Amino acid sequence: MKNRYQKGLIISLLSMIILMTFTNTSHRAYAQEDPLNIEADAAIVVEASTGKILYQKNIDTILGIASMTKMMTEYLLLEAIDQKKVTWDQEYPVSDYVYKISQDTGLSNVPLVQDGKYTVKELYEAMAIYSANGATIALAEVIAGSETEFVKMMNAKAKELGLKDYKFVNSTGLNNNSLYDMHPEGTSKSDENLMSARTTATLAYKLFNDFPEIINTASISKKVFREEGDYPIQMANWNWMLPGLLYEYEGVDGIKTGFTDLAGYCFTSTAERDGMRYITVVMNAKSNGKSIPEARFIETEKLLDYAFANFKIQELYPEGYQIKKESTVPVVKGKEKEIEVYTANPIKTVIKNGEAEQFEPVFNISEEVLTEDGALTAPIKKDDVVGTMTVSYEGDNGYGFLTSEGEKTMQTDIITKTAVEKANWFVLMTRGIGGFFSDVWTSVSETVKGWF
């Protein structure tokens, strides 16, 4: 009986030790995964010019995006403006569908007059500043004729932009339940737009870099809709991090908030200081476990503080950089027997403070331009591209880039420093004879050595 008791006690103690070890390990793993302790279902920070990811949490989990959807509507509108398919002063007569949605005060809206006409610019400002849903559907009708056709354009554009993990079912980000049974054809009544944090950040990255003018409107804190009209409407931007608003943060000038019951409180921000610009996304943000509007700004502030305090763009390797032991390549059939090579362009990237030594350059001479013996063949021109230099990262923050274009910022062409003319037949013949006698002498020498 005593032995059984002792065995049971030992087993219990061992179980507790294993459980404590597993728990501690799990906490350590979580801390490593989320060093900022971001209270959101997903979050990401990227540098805006390259799309380099600086922090990530659950960025490939597909979640509701609510009114962050309107970034795609903005993209398609600004593209249509750029292509002169739509003009800012173009007038829109209000459809029954748009009128009905715009009158719903339970949604974010500027009520539109049923027999009124509104310019594209007015509707765009209502959408970008106040997230007005009726105005957004109006723009979809301007661009595509109907929201049904516009949704097709949204999904086609997402594919064209290389987005992954997305589903667009309407132009606004509302749940289709809110559209009074007038939701786009081919979608269900309970459908809602979905994306991952990575995809949302990629859309924001494409939107900002293709149409940087979005900031001109997204950064407006307050504006009156139709100030000179019969029914002026005060529009305060839902982005409370803009100047003069509740959670004002230095440098924030965009882009889009969102909320539905499915998505929770979301926010895609962009901010610029001292030449550094970042894009952040938080999805279903909470504060102390509570789903409240300000949570998305509190968590975004953590992300931006981290980015601005810890990262900078730095030139790792200048134009004309050489790796000492790989600075020359053998040449055959040329007046010279080797040629110097170096990088065509500098490589700049976003570096975390103190991590410059974590990068390593790698020269890759293309096999396509080399002989079987690893030489270039004359004639060779100055600045001929013979390969690429890539940069590998050995640190702990290698999250990669949003796009393949970003990846390319970590490489540059390797080019020839000078030209090498082809040697004439006499020089080549002399080298051939010299090479023949050299081989004979080497063979004789080896044979003689063997005798002794």
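The values are calculated or read from the model by the stated rules, or taken from the named source; none is laboratory data. Because the structure is predicted, anything quoted here is derived from the model rather than measured. A quick note on method: Cβ atoms are made from the backbone with ideal geometry, for glycine too, and the neighbour counts reach across all protein chains shown. Accessible surface is based on the protein model in full, side chains and every heavy atom, while ligands, DNA and RNA are left aside. Shrake-Rupley method; radii C 1.70, N 1.55, O 1.52, S 1.80 Å.
Summarising the amide proton neighbourhood of residue 132: residues at separation of 5 or more, or on other chains, whose placed amide H is nearer than 5 Å comprise 127. Residue 335: which aspartates and glutamates have alpha carbons under 12 Å from its alpha carbon, excluding same-chain residues fewer than 8 sequence positions away? Reachable aspartates and glutamates: 421.
Under 15 Å from the Cβ of residue 241, count the other residues' Cβ atoms, weight Lys and Arg +1, Asp and Glu -1, and hand me the total. Surrounding charge for residue 241 is -2. With N as its number of residues, the chain has a Cα radius of gyration that, divided by 2.2 N^0.38 Å, comes to 1.38. Please report, as a whole percent, how much of the solvent-accessible surface of the chain comes from carbon and sulfur atoms (probe radius 1.4 Å). Here carbon and sulfur together make up 52 percent of the probe-accessible area. Karplus-based coupling profile of segment 53-68, in residue order and whole Hz: 7, 10, 7, 8, 8, 6, 6, 10, 7, 7, 9, x, 10, 6, 6, 4, with θ = phi - 60° in 6.51 cos²θ - 1.76 cosθ + 1.60 and x standing for Gly or Pro. Close amide H pairs (under 5 Å, H built 1.01 Å from N) link residue 287 with 292, residues at least 5 positions away or on another chain. Pairs with C-alpha atoms separated by more than 24 Å, drawn from the list 312/408; 189/222; 157/256; 206/286, are 189/222; 206/286. The sum of -39500 (n - 2.57) across all DSSP H runs of n ≥ 4, divided by the residue count of the chain, sets its helix-only mean residue ellipticity at 222 nm to -11000 deg cm²/dmol. With protein chains left intact and a 1.4 Å probe, residues in the chain average 52 Å² of accessible area per residue. Segment 211-275: which GluC sites (Glu not before Pro) are DSSP loop and have at most 13 other beta-carbon atoms within 10 angstrom? Loop-located and lightly packed - 213, 227, 228, 248, 250.
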